[in-house]
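Structure, as structure tokens:
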Amino acid sequence: MDFNAIVEHLKKRWPGIEAPAVANGDPFAIVPAVDAFEVLKHLKETPELGFDSLMSLVGADNGHELWVIYPLHSLKHLHKFTVKVVLGREKPQVTSVVSLWGMADFFEREAYDLYGIDFKGHPDLRRIMNPPDWEGWPGRKDFEIPPDYHGIPTLRNDQFFADAVETGNKAVAEKEKEAIAKAQEIFKQEQAAAKASGGEGIQA
Amino acid sequence: MSDAILQANERPRVHTEEMVLSMGPHHPSTHGVLRLEVVTDGEVVVSARPDIGYLHRAIEKIGEYVDYRQFMPYTDRVDYICSMNSNHAYALGVEKLAKISVPLRAELMRVMVAELNRISSHMICIGALAMDMGAYTPFLHGLCHRELVNDIFEDVCGARLTYNYLTIGGVSYDAPPGWIEKCERFVEYLWPKMIEFNDLITGNTIFQERLCRVGVVSPEHAVNWGLVGPNLRGSGVQWDVRKNEPYSIYDRLEFDVPVGDGGDPNGSNPQGELGDSYDRYVVRVKEVFESLKILKQICSMLRENEKLPADHPDRLYQAKLPVRLKVPPGECYVRSENPRGETGYYVISDGTEMPLRLKIRTGSFSALGCFEEVTRGLLIGDVIAVIGSFDIVLPEVDR
């Protein structure tokens, strides 16, 4: 089936589906978040659609809203379809499709990690790329890079880094001073000991 | 005697419990910085959960801050074992969205370097798998052949690992004089060497015993878990992007798509089971021969191409493009067949010089996704076999 036929087929049951005209690239259908799981399940399990393969799962941010994009492919019928779900920036939530395609497991974790999209019903929704205690959603356009992570600076030309170098240099200089003073002290003591024993002392 | 047995049975039983074993991230058999949280019951694996992210460089995010051409060197680092193929996948994505047509000579050069890189990548995979299984020599054979491919790449672009050779709309340099002859000599050299490699390890009984019936993935599960490339074909699914959705000039080339045939008494893996580790290994060995066939054809096509007059449009190695490349708004998903399976670029453009979003779908990432399911109930040594046969490359997983 071609793209328009699939959209017509889906619109009979879910009239809320939109298929915006695209001048460039692949066409896609925008599906409301509440219907997303049922639509995807229908796409997979209806024999004449038979989308057995989820090619990728994309989380994205265009600056205003978040997207979850499911490019689908059928190995049986050799047709393609792209479903896009549009979510708000506050509490973005969509039902997980791990029960349909096992592949979605890691891809949904990645979208959660980078964009903070909550996949309802995911068996193990944890951060995957970033450390578990990372704060914020780094994929989003409005993400601000924190100055440091556990004392490790994140930017090379940052003031934090410059300060760290300066304090490091200071510490080294102080240590050197201490070492020189100590050596001088030992030298004086040895000279005094040599004089006391009647010798001429060590030549400086 | 019977009293002793009775007493032994009356003794309190030895307390046993499951043990958590942290394998990696610096374990030599994990092929990079992969950490596995293995829960073991004696020698049996209860669950092996991959812990990834040690190599996360936010390449996708960097893509949103550099323009389309500047991103090309980053694709080298997505999968450095096969940089040429990574370049190709990205170039295809941008060219589809920007509607750029590539001259014939550039396409020939692209397929040439892509297939050479596929051979050198498979050399690493099959060599390292044999090394993981305790045979050290095949790895050295593999690296020895790979060096020759690196020499060929050095001649054409100057680099030996991260090539940055393909550009949007073509390739960076034309073939230098004598390069095609060098490639032909390589094909003639490698064919008998691969037969020697096969004699050395593929039929080895110990090697087969280690891989047969280990880490079995059924065809339905392979599709559902999103396995791609040799891992998918090892499970008997006849799917190759080069054959089924031809891009570049693959539709003009003749080659076969080898699939796993475990359990078939007349096949290459009669003792095994369809979709086991040995099937995935054999598919890669066969693919090297198919790539050599493609290289032969491309060499003769390049020679034909050189007979054309120098100002013929098919002789160009780059399409003429504006310096500031703006891609019209739209989004598309483009995939190409890499050594580690389908690499897909989902490119979203908002009409500016920089992409709005680049999502890279890689074969190793989805292979690790089903790792826990595949390794459940195996022995610890077999987990290494599964990692090796999946051909996981960690920079591709973490991106």
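Considering only residues that are charged (D, E, K, R) and within 21 Å of B:Arg210 (Cα to Cα), look in the range B:262-301 and name the one that is modelled with the lowest pLDDT. Before you say what the answer is, go through the steps one by one.
Taking the range B:262-301 as the starting set, the residues that turn out to be charged (D, E, K, R) are B:264, B:273, B:276, B:279-280, B:284, B:286-287, B:290, B:293, B:296.
Restricting the remaining residues to those that are within 21 Å of B:Arg210 (Cα to Cα) gives B:264, B:273, B:276, B:279-280, B:284, B:286.
Working: B:Asp264: 74, B:Glu273: 83, B:Asp276: 88, B:Asp279: 89, B:Arg280: 90, B:Arg284: 91, B:Lys286: 91.
Result: B:Asp264.
Scanning the range B:138-179 for residues that are in contact with a Leu (Cβ under 7 Å, 6 or more places away or on another chain) and either β-branched (Val, Ile, Thr) or surrounded by fewer than 17 Cβ atoms within 10 Å (Cβ to Cβ) (or both) yields a count of 3.
Of all residues in the range B:81-104, none that is within 14 Å of chain A (Cβ to nearest Cβ) and farther than 23 Å from B:Glu154 by Cα has its Cβ atom under 6 Å from the Cβ atom of a residue that is surrounded by fewer than 24 Cβ atoms within 10 Å (Cβ to Cβ) and acidic (Asp, Glu), 6 or more apart or on another chain.
Determine whether the range A:110-132 contains at least one residue that is at pLDDT below 80, surrounded by 10 or more Cβ atoms within 10 Å (Cβ to Cβ) and over 22 Å from B:Leu358 (Cβ atoms). Scanning the range A:110-132 turns up no residue that is at pLDDT below 80, surrounded by 10 or more Cβ atoms within 10 Å (Cβ to Cβ) and over 22 Å from B:Leu358 (Cβ atoms). Checked against (1) of a type in the set (Lys, Arg); (2) farther than 30 Å from B:Ser268 by Cα; (3) in contact with a Pro (Cβ under 7 Å, 6 or more places away or on another chain), B:Lys359 passes all but a single condition, namely (3).
Of all residues in the range B:218-240, none that is within 16 Å of A:His77 (Cα to Cα) has its Cβ atom under 8 Å from the Cβ atom of a residue that is of a type in the set (Lys, Arg) and assigned to a loop (DSSP other than H, G, I, E, B), 6 or more apart or on another chain. Looking at the range B:182-190, is at least one residue among the basic types (Lys, Arg) and touching a helix residue (DSSP H, G or I) at 6+ places or on another chain (Cβ under 8 Å)? Scanning the range B:182-190, I find at least one residue that is among the basic types (Lys, Arg) and touching a helix residue (DSSP H, G or I) at 6+ places or on another chain (Cβ under 8 Å), so the answer is yes. Residues in the range A:41-86 that are under 23 Å from A:Arg109 (Cα atoms), more than 7 Å from chain B (Cβ to nearest Cβ) and among the small types (Gly, Ala, Ser): A:Gly59, A:Gly63. Six or more apart or on different chains, Cβ atoms under 7 Å: show the pairs whose first residue is in the range A:4-29 and touching a residue at least 24 places away in the same chain (Cβ under 8 Å) and away from chain B (no Cβ under 14 Å) and whose second is surrounded by 12 or more Cβ atoms within 10 Å (Cβ to Cβ) and not in a strand (DSSP E or B). Matching pairs, first to second residue: A:Ile6/A:Leu49; A:Leu10/A:Ile17; A:Leu10/A:Val39; A:Trp14/A:Asp35; A:Trp14/A:Val39.
Which members of the range B:57-71 meet the condition of being of a type outside the set (Ser, Thr, Tyr), farther than 23 Å from B:Val33 by Cα and within 14 Å of chain A (Cβ to nearest Cβ)?
B:Gly63, B:Glu64 - these are the residues of the range B:57-71 that are of a type outside the set (Ser, Thr, Tyr), farther than 23 Å from B:Val33 by Cα and within 14 Å of chain A (Cβ to nearest Cβ).
Residues considered: B:Phe371, B:Phe390. Of these, the only one that is more than 11 Å from chain A (Cβ to nearest Cβ) and of a type in the set (Phe, Trp, Tyr) is B:Phe390. Restricting attention to the range B:336-368, the residues that are within 10 Å of chain A (Cβ to nearest Cβ), of a type in the set (D, E, K, R) and surrounded by 23 or more Cβ atoms within 10 Å (Cβ to Cβ) total 4.
Looking at B:Gly272, B:Gly263, can you tell me which residue is part of a loop (DSSP other than H, G, I, E, B) and surrounded by fewer than 20 Cβ atoms within 10 Å (Cβ to Cβ)?
B:Gly263
Of the residues making up the range B:307-335, those that are assigned to a loop (DSSP other than H, G, I, E, B), of a type in the set (A, V, I, L, M) and either within 14 Å of another protein chain (Cβ to nearest Cβ) or surrounded by 10 or more Cβ atoms within 10 Å (Cβ to Cβ) (or both) number 6. Residues in the range B:204-234 that are of a type in the set (S, T, N, Q), surrounded by fewer than 22 Cβ atoms within 10 Å (Cβ to Cβ) and either part of a helix (DSSP H, G or I) or within 14 Å of another protein chain (Cβ to nearest Cβ) (or both): B:Thr205, B:Gln208, B:Ser218, B:Asn224.
The values are calculated or read from the model by the stated rules, or taken from the named source; none is laboratory data. Everything numeric here is computed off the predicted structure, so don't read it as measured data. FYI the Cβ positions are ideal-geometry reconstructions off the backbone, even for glycines, and counts take in every protein chain you see.
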